[in-house]
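Read the structure below first, then the notes.
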Amino acid sequence: MKAMAVRQLQSDIDHGFPRHWLGGDAFRTQFFNALSMTFPLGEQFFIDSVRAALPAVREPALQAVVQAFVGQEASHRQMHVRYNRQLEVQGLHFFIEPFLRWQLWLSRHLSVMSNLAMTMAYEHFTAIFADGILRRPHWLADASPSMQLLWTWHAVEEAEHKAVAFDVYRANGGGYVRRLAWFLYVSIVFALDIGMQTTNNLYRDGQLFKLRSWRCGIGYLLGSGGLLRHAWRPWLSYFHWRFTPRWRDNRELIAAWLSAHRTDYRELRAALADYS
């Protein structure tokens, strides 16, 4: 059994980072920045959803791993709050915040299982993205060191706990139809949210109407080794009635990163289980 730990990243992000920290590429930088802007609210929703479903979980090992999941997501939330403060200094604005808060308000009127199904869907998206960061090093190869460290650390922990919400959903008796319905909803809403925020970031950065920005963006999304080419198969896999997040095994990538960067983080506590 492998311990899923809660880790504190040793980061100097509060000292700031370059405006175009990802290889001088405005589109890729503002896309990643858009993701970061949504994380504090999103990760709190994930924590609340899994906690609400925890009383029905009887397996002690899963209960322990849920606590590690909560700790990891809380750590991500705190780090991205710090990250986002630096984006505000750079003149970027969380444009979709009212829309995101409205979505969260609506979720309060849904059942525990529906919120858990949404969390599971978002966790699948973050797992796809995390796997891409770990499996395709060129995505972040030209990033400034502090940002490369932050995003790879986040990717490692997202890949590590990718099955936790899924297991809690199954422990609560969750079925296929609900899982698929909320996945389709999340697929649309997530694409709209990140698309709008990335566009607004580019506008505030003075890069929205520059051909180079969009040429780089199309290359990153659709080019060989790009995001959408990486994502389409694992996205489709969610429709299989026997789907499990464990189908894509990235444990070796996780272990390799943790070993190579063991001086860059401090372990706070661990839950004894293998849920990657």
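The table below gives the values:
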item: Cα gyration tensor, the range 59-157 - rounded (a/c under 1.5), prolate or oblate; result: oblate
item: For the chain, calculated [θ]222 nm from helices alone, where every DSSP H run of n ≥ 4 adds -39500 (n - 2.57); result: -22000 deg cm²/dmol
item: Stokes-Einstein D (µm²/s) once Rh is taken as the Kirkwood radius of the chain over alpha-carbon pairs, at 20 °C in 1.002 mPa s; result: 112
item: Per residue convex hull volume, Cα atoms of the range 174-261, in Å³; result: 156
item: Peptides 42-52, 176-186 ordered by average Cβ neighbours within 10 Å, highest first; result: 42-52, 176-186
item: Protection proxy ranking of 75-85, 233-243 - average other beta-carbon atoms within 10 Å, highest first; result: 75-85, 233-243
item: For the range 1-80 and the range 199-254, distance of Cα centres in Å; result: 18
item: Net charge of Cβ neighbours under 14 Å - reference H80; Lys, Arg +1; Asp, Glu -1; result: -4
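Read-outs throughout are calculated quantities, based only on the coordinates presented, and are distinct from any laboratory measurement. Please read these numbers as outputs of a predicted model, since none were measured by experiment. When we count neighbours, we look across all protein chains shown, and the Cβ atoms used for this are built from the backbone with ideal geometry, even at glycine.
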